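Okay, so here's the structure we're looking at.
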Amino acid sequence: MPACAGMTTESSSLYMKINYTLRRSRKRRKTISLNISEANEIIVAAPYFTPVREINSFIQEKQDWIEKAIKKQARARLARRKKEFVTGERFPYLGESYLLEVFCEPQEKPGLLLWKRRFYLNSPEDIEAKKNLFVAWYKLKAAEHIGARVDFFSRKMNINPRGVRISSARQRWGSCSPENKLAFSFRLMMMPPDVIDYVIVHELMHIKEKSHSRRFWKLVAEAMPDYKMRQRNLRKRSEDSLF
Ligand SMILES: [Zn+2]
């Protein structure tokens, strides 16, 4: 929320050691609002003549919310940090997170293995090569897992796609073309199985209804009554699933 004309900015502090930036608005703002900036700054917007005492007690009440919001942002930042494909990093797979161990055994074929709850990567010291081995592994798993689940749901729902492929899309978990060909990002394999199922049901339903109309969501709800919970989980986890 950028400061705009008609606002003054001042810094303030509470006895409970929450530092915040206060923006007093001369405009018609009627309520106090709270925001956490990208830089983890707490921004309070308040009507111009609100007493500091009132603002402080508002923040006091929102303490739990503030703590949660800050923690959530810290987690997201950590996950967004570029992967280096080194020992000790964690990688998500089917909703769980596994530790990576990297080694270099030139006699053996380079590759990635998930064994006893740990990723083992045999690869030369080249970050691109390592990344490619990860991508190849996720794509292979995606073709197996998503392929089988699409079969399962297309039988169950009696909807048949013209084809299924695995993509490398970053923002788009799944898609349905005008010819009813489905695509799913290999990155979906980082999500829990029930979330993957939701994306599959969603895309299959686009064969019946292309737009996100009321009818579309009604059909999704009929096929998967708890889809909203899965959808929330997909949004919540989106940040962990990029590299
Ligand atoms: Zn859609």
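One line per residue, one yes/no per condition, for (1) modelled with pLDDT under 95; (2) within 18 Å of PHE152 (Cα to Cα):
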| residue | (1), (2) |
| --- | --- |
| ASP197 | no, yes |
| ILE200 | no, yes |
| MET205 | no, yes |
| SER213 | no, no |
| LYS218 | no, no |
| GLU222 | no, yes |
| GLU239 | yes, no |
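Answer with yes or no whether PHE58 is assigned to a loop (DSSP other than H, G, I, E, B), outside the structural domain of LEU133 (by TED's automatic domain parsing) and either farther than 30 Å from TYR138 by Cα or among the charged types (D, E, K, R) (or both). Spelling it out, it is not the case that PHE58 is assigned to a loop (DSSP other than H, G, I, E, B), outside the structural domain of LEU133 (by TED's automatic domain parsing) and either farther than 30 Å from TYR138 by Cα or among the charged types (D, E, K, R) (or both). If we scan the stretch 140-153, do we find a residue that is closer than 15 Å to LEU112 by Cα and not in a helix (DSSP H, G or I)? No, the conditions are met nowhere in the stretch 140-153.
Which one of TYR120, TYR93 is hydroxyl-bearing (Ser, Thr, Tyr) and in contact (Cβ under 8 Å) with a residue 60 or more places away in the chain? Can you show your working first?
On the way: TYR120 fails: in contact (Cβ under 8 Å) with a residue 60 or more places away in the chain.
Selected residue: TYR93, the only one of TYR120, TYR93 that is hydroxyl-bearing (Ser, Thr, Tyr) and in contact (Cβ under 8 Å) with a residue 60 or more places away in the chain.
For the stretch 158-169, the condition of being surrounded by 12 or more Cβ atoms within 10 Å (Cβ to Cβ) and at pLDDT below 95 holds for at least one residue. Of all residues in the stretch 161-170, those that are touching a residue at least 24 places away in the same chain (Cβ under 8 Å) and not β-branched (Val, Ile, Thr) total 3.
Within the stretch 166-207, the set of residues being within 12 Å of the ligand (Cβ to nearest atom), in a helix (DSSP H, G or I) and either farther than 15 Å from VAL150 by Cβ or not assigned by TED's automatic domain parsing to the domain that holds GLY95 (or both) is empty.
The values are calculated or read from the model by the stated rules, or taken from the named source; none is laboratory data. Note that the structure is predicted; figures quoted are calculated from it, not measured. Neighbour counts run over all protein chains shown; Cβ positions are idealised from the backbone, glycine included.
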